[in-house]
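Right, one structure below, let's go through it.
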């Protein structure tokens, strides 16, 4: 018996192929591709060190820039694009990561540091809170694995070993110590300071609750050795609220969106797990690109992992979510010293814009743009994106 094709003559296989190809081309053209020459360039006055971090201040017209080579902090007015104040720092040779409180009173400074033991561990770094107006130290947390400040600048969480210590600000008074068994490298306070997220190694019971591992004893065994998890604790009581039913590689950093609706988790693969390198690299170099890193998302209200994730080959990239909490700016690399910055739809994961920041390091140095392979960037309150170009700035308006 003969059967007829289910395809209408108008929808032949050739036509379907062409239609699919056209749809693919439309998707590609929807993503804007720029190079560094497409940015508005802003030349700053001479200063020490390349810019390693950019943090917008709540007044809407000030940026705080951290500089490497002991260059300290620069306060930059975004109306006239001039440096209004320079603040020297001690203990931040490679530059700080900066986080401002919502009212701009306080700045949390976290030392940028290299990996240890070929990427298996993070190293402790200097953490302190300073008064943004005077530059005086409000609290010196000393050497720790990580620290996080609440958006109102009233609470500081410091991770050291298996303990998270909560301090009141600006007094610095110790409020509570939370013990987190097998805590690892990262801590993050919710913007309202009600909960603190902590990375840690899993237990057998916790792995058994992960859907992808529940029935796989072999995966659970490997997970105990190589994987990590995230748990939420109440800052008021210190009690465990929930453990996210998902496993991650080595968690290097975490951060909440400003509306508190997403926790972003950056991790990269444990070098002991037998993952083949992507390209040559050195664990003691900021531009190490030999292990893929991932940014995954969690809903803090439920503790459920969200489906949309992103990949980066940059060593500990900034997780920069725009003021509307709809776009993620994430740096990566394509081979050594070929940096790029991609803007993603944070819900769907679709690429909105990709900015190519020079092809070769020698071209950058030829244009007097000095950098060490890292990339600093941050969002202004009006939705413009600032990108550090060595000691100067580039501006992208989406």
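Every number in this text was worked out from the coordinates using simple rules, so none of it is lab data. Note that the structure is a prediction, hence the values are computed from the model and not measured. FYI the Cβ positions are ideal-geometry reconstructions off the backbone, even for glycines, and counts take in every protein chain you see.
If packing is taken as the mean number of other Cβ atoms within 10 Å per residue, what is the order of 340-351, 299-310, highest first?
340-351, 299-310
To the nearest 0.05, how large is the calculated FRET efficiency for residue 35 and residue 258 if R₀ is 30 Å and r is the Cβ-Cβ distance?
That pair, residue 35 with residue 258, gives E of 0.50.
At 0.36 nm per residue, minus the direct Cα-Cα distance, what do residue 345 and residue 133 gain on full extension? Give it in nm, one decimal, please.
72.8 nm
When the chain is fully extended, how far beyond the present Cα-Cα distance does residue 215 get from residue 174, taking 0.36 nm per residue of separation?
Value of the extension gain: 10.5 nm.
How much length would be gained if the chain were fully extended between residue 46 and residue 326, taking 0.36 nm per residue of separation minus their Cα-Cα distance, in nm to one decimal?
97.3 nm
Taking segment 31-393 on its own, what percent of its Cα-Cα pair distances exceed 33 Å?
25
Which part of segment 45-66 falls in the paramagnetic zone of residue 382, meaning amide N under 17 Å from the point 7 Å along Cα-to-beta-carbon?
Flagged as within label range: 56-64.
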